[in-house]
1. Please enumerate the residues belonging to the range 43-60 that are part of a loop (DSSP other than H, G, I, E, B), within 15 Å of ligand 1 (Cβ to nearest atom) and either modelled with pLDDT under 95 or over 16 Å from the mean Cα position of the chain (by Cα) (or both).
2. Given the structure, is GLU129 outside the structural domain of THR36 (by TED's automatic domain parsing) and surrounded by fewer than 14 Cβ atoms within 10 Å (Cβ to Cβ)?
3. Tally time: how many residues in the range 66-115 are more than 16 Å from ligand 1 (Cβ to nearest atom), aliphatic (A, V, I, L, M) and farther than 21 Å from ALA43 by Cα?
4. Based on what the data block shows, is ARG126 over 22 Å from LEU66 (Cβ atoms) and charged (D, E, K, R)?
5. In this structure, is ALA63 more than 16 Å from ligand 1 (Cβ to nearest atom), small (Gly, Ala, Ser), outside the structural domain of ALA140 (by TED's automatic domain parsing) and surrounded by fewer than 18 Cβ atoms within 10 Å (Cβ to Cβ)?
6. Filter the range 82-94 down to the residues that are buried (at least 20 other Cβ atoms within 10 Å of the Cβ) and either among the hydrophobic types (A, V, I, L, M, F, W, C) or part of a helix (DSSP H, G or I) (or both) and list them by number.
7. Is it the case that some residue within the range 165-173 is of a type in the set (Gly, Ala, Ser) and either at positive phi or surrounded by 15 or more Cβ atoms within 10 Å (Cβ to Cβ) (or both)?
8. When the residues of the range 131-158 are filtered to those that are under 20 Å from the mean Cα position of the chain (by Cα) and not acidic (Asp, Glu), which remaining residue is modelled with the lowest pLDDT?
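The values are calculated or read from the model by the stated rules, or taken from the named source; none is laboratory data. Owing to the predicted nature of the structure, the values given are computational and were not obtained by experimental measurement. Note that we place each Cβ from the backbone using ideal geometry, even for glycine, and neighbour counts take in every protein chain shown.
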Amino acid sequence: MEPELPRPEAPHFWQAVASTPGGESIIVCLRCEACTAVCPVEALEPKFSVRGTIARVRKGRRAEVLTDDALWACTRCFACDASCPSHARPGEIVAALRHLSLEAGADGLGPRHALAFVNGVRDRGRIHEARVWMESAGLAGLFREGFRPLEMAWRGKGPSLRSRPIDSITDVRRILAAGGPR
Ligand code: SF4
Ligand code: SF4
């Protein structure tokens, strides 16, 4: 008797991705691997595969994809989009998966880093490097760095923790409320 194939955990997951901005073209992926061939991150982060990520979506492996830390290794260089013969926009699909991952409550360095950027824009209208770093790495990250932040501050290299909002912050918040980052 043939062994029974495991049932996909979320067979319609690709439809949720296709309904998310950036993920609309996932259905036209030909699985040709052109995206993987040009992705500069895959050479540095073996756990990340743009073509493999899309394949797992199509196989309905929702939880595995949305909790994958490697999803956050993509640098959004879009070399993959430029090389895709099917115009599936694989880099945008990865971005859509990140949105879904955040909506599903993902935690970790990558999700916290992304949220730190969004929070900075919403709160002050600009990015504050020190705050992004602290919100991303947290106390554990601070301890991992040892005395380096203190040394930088001592040498006048540490950015001020104070950062006042830009003058047009109300406009920025209005834009975000009308449909900015999800
Ligand atoms: S996303 Fe494009 S380049 Fe990547 S496997 Fe699919 S068709 Fe090929
Ligand atoms: S956009 Fe992301 S997935 Fe695409 S080539 Fe660049 S790093 Fe790789």
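1. First, the residues of the range 43-60 that are part of a loop (DSSP other than H, G, I, E, B): 43-49, 59-60.
Then keep just the ones that are within 15 Å of ligand 1 (Cβ to nearest atom); that gives 48-49, 59.
Once the filter is applied, which keeps residues that are part of a loop (DSSP other than H, G, I, E, B), within 15 Å of ligand 1 (Cβ to nearest atom) and either modelled with pLDDT under 95 or over 16 Å from the mean Cα position of the chain (by Cα) (or both), the range 43-60 yields only LYS59.
2. Details: outside the structural domain of THR36 (by TED's automatic domain parsing): yes; surrounded by fewer than 14 Cβ atoms within 10 Å (Cβ to Cβ): yes.
Taking the combined requirement at face value, the residue satisfies it.
3. 7
4. Values: over 22 Å from LEU66 (Cβ atoms): yes; charged (D, E, K, R): yes.
It is true that ARG126 is over 22 Å from LEU66 (Cβ atoms) and charged (D, E, K, R).
5. On the way: more than 16 Å from ligand 1 (Cβ to nearest atom): yes; small (Gly, Ala, Ser): yes; outside the structural domain of ALA140 (by TED's automatic domain parsing): yes; surrounded by fewer than 18 Cβ atoms within 10 Å (Cβ to Cβ): yes.
It is true that ALA63 is more than 16 Å from ligand 1 (Cβ to nearest atom), small (Gly, Ala, Ser), outside the structural domain of ALA140 (by TED's automatic domain parsing) and surrounded by fewer than 18 Cβ atoms within 10 Å (Cβ to Cβ).
6. So in the range 82-94, the residues buried (at least 20 other Cβ atoms within 10 Å of the Cβ) come out as 84, 88-94.
CYS84, ALA88, PRO90, GLY91, GLU92, ILE93, VAL94 - these are the residues of the range 82-94 that are buried (at least 20 other Cβ atoms within 10 Å of the Cβ) and either among the hydrophobic types (A, V, I, L, M, F, W, C) or part of a helix (DSSP H, G or I) (or both).
7. First pass over the range 165-173, keeping only residues of a type in the set (Gly, Ala, Ser): 168.
Okay, now just the ones that are also either at positive phi or surrounded by 15 or more Cβ atoms within 10 Å (Cβ to Cβ) (or both), so none.
Within the range 165-173 (the criterion being of a type in the set (Gly, Ala, Ser) and either at positive phi or surrounded by 15 or more Cβ atoms within 10 Å (Cβ to Cβ) (or both)), the answer is no, since none of the residues qualifies.
8. Keep residues of the range 131-158 that are under 20 Å from the mean Cα position of the chain (by Cα), which gives 131-138, 141.
Checking the rest, the ones that are also not acidic (Asp, Glu) come to 131-134, 136-138, 141.
Working: ARG131: 80, VAL132: 83, TRP133: 80, MET134: 82, SER136: 85, ALA137: 82, GLY138: 79, GLY141: 75.
The extreme case among them is GLY141.
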